[in-house]
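Everything below concerns the one structure shown next.
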Amino acid sequence: MRPRPYRVVVRPAIGLAAAVGVWWGLVTAFDVPTFFLPAPPDVVDALRRQGPYLLRETWATLGHTLGGFGLATAAGLAAAGMLSASTWLRETVLPVLVALQAVPKVALAPLLIIWLGFGTESKVALVGLLCFFPIVVATLAGLRATPAELVELARSLSGSRLRTFRSVRLPYAAPQIFTGLKVAVSLALIGAVVAQITTPNAGLGAVIVRSGQSADTPLAFAAIGLLAAVGIGLYYSLTGLERLFLPWARATAA
């Protein structure tokens, strides 16, 4: 069996290199115009020429993504904790949350601009709305899946409701919570880009809009590549935190 670094690093690198090779070969073989589909060297040249500009817009996208994701995480964990503690509250509020989730968040972007303006606030709000529901659902599922015998054992040892929640229910739900967070962080990046395309005044979404208006396709591809890199970095950062804080869950799953 191959060592883990080979499977985690080398195999994806081989796949990426193969995809880039096929892309480059097709563009060269069919002599595709650069404005229609740039070759990889054209994208690399755009990254080199516009490096400071792209770095600044990447930071803007990262700020919008993490801002909305952080707010959604705090609100989602709190909401799931309250819903898990009260059957009446869960049966009353959860259908409302499901109904709100059914509304396409892109349709809310113009309203958020009216309410919060064209700045950072509306972008962060859209990101938060996209992230909130997956975090609530995953956390609630984890909290409700705690075996009843563990809860009864904690109570038999004179554990208070809060202490039982903190020492039994929350650790048991932690793997599910991280699953919801990893789903939500991908949605967070999507929400940030949608918000930036709607109001293209900052971020990589705005770069894509501007490059489309000027037919600078290599710059658009460079921005898309940076978005992919940011998404991968955020996902694996959460995976690393999960491995750091939940080593017991990894050992159980192995």
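A few remarks follow.
- Normalised by the number of residues in the chain, the average gap of Cα pairs under 8 Å and 6 or more apart makes the relative contact order 25 percent.
- Rolled with a 1.4 Å probe across the full set of protein chains, the surface gives Tyr172 an accessible area near 100 Å².
- For Leu47, neighbours were defined as the other residues whose beta-carbon sits under 15 Å from its Cβ, and their charges (Lys and Arg +1, Asp and Glu -1) total -1.
- Cα gyration tensor category, rounded, prolate or oblate, for the chain with a/c compared to 1.5: oblate
- Simple spin-label estimate for Tyr235 and Arg163 in nanometres, 7 Å along Cα-Cβ: 4.2 nm
- Here segment 4-106 is treated with +1 on each Lys and Arg Cβ and -1 on each Asp and Glu Cβ, and its dipole about the Cα centre works out to around 340 debye.
- Computed over neighbours whose Cβ is under 10 Å from that of Pro218, the net charge equals -2, Lys and Arg +1, Asp and Glu -1.
- Furthest towards positive pole of dipole, Leu238, Phe35, Pro52, structure part the chain, Cβ charges: Leu238
- Rolling a 1.4 Å probe across the protein heavy atoms gives the chain an accessible surface of 57 Å² per residue.
- Residue-count net charge about Phe36 - beta-carbon cut-off 13 Å; Lys, Arg +1, Asp, Glu -1: -3
- Mean Kyte hydropathy of -0.5 or more with a Cα span along the axis of at least 30 Å, helices from DSSP in the chain: 51-85, 120-144, 170-198, 217-245
- Per atom type, the chain shows carbon and sulfur on 71% of its accessible surface, probed at 1.4 Å.
- Tensor-based shape of segment 1-139 (alpha-carbon gyration tensor, a/c under 1.5 rounded, otherwise prolate or oblate): prolate
The values are calculated or read from the model by the stated rules, or taken from the named source; none is laboratory data. Note that the structure is predicted; figures quoted are calculated from it, not measured. Every residue, glycine as well, gets a Cβ built from its backbone with ideal geometry; the counts of neighbours run over all protein chains shown. Ligands, DNA and RNA are excluded from the accessible area calculation, which covers all protein heavy atoms including side chains. Shrake-Rupley method; radii C 1.70, N 1.55, O 1.52, S 1.80 Å.
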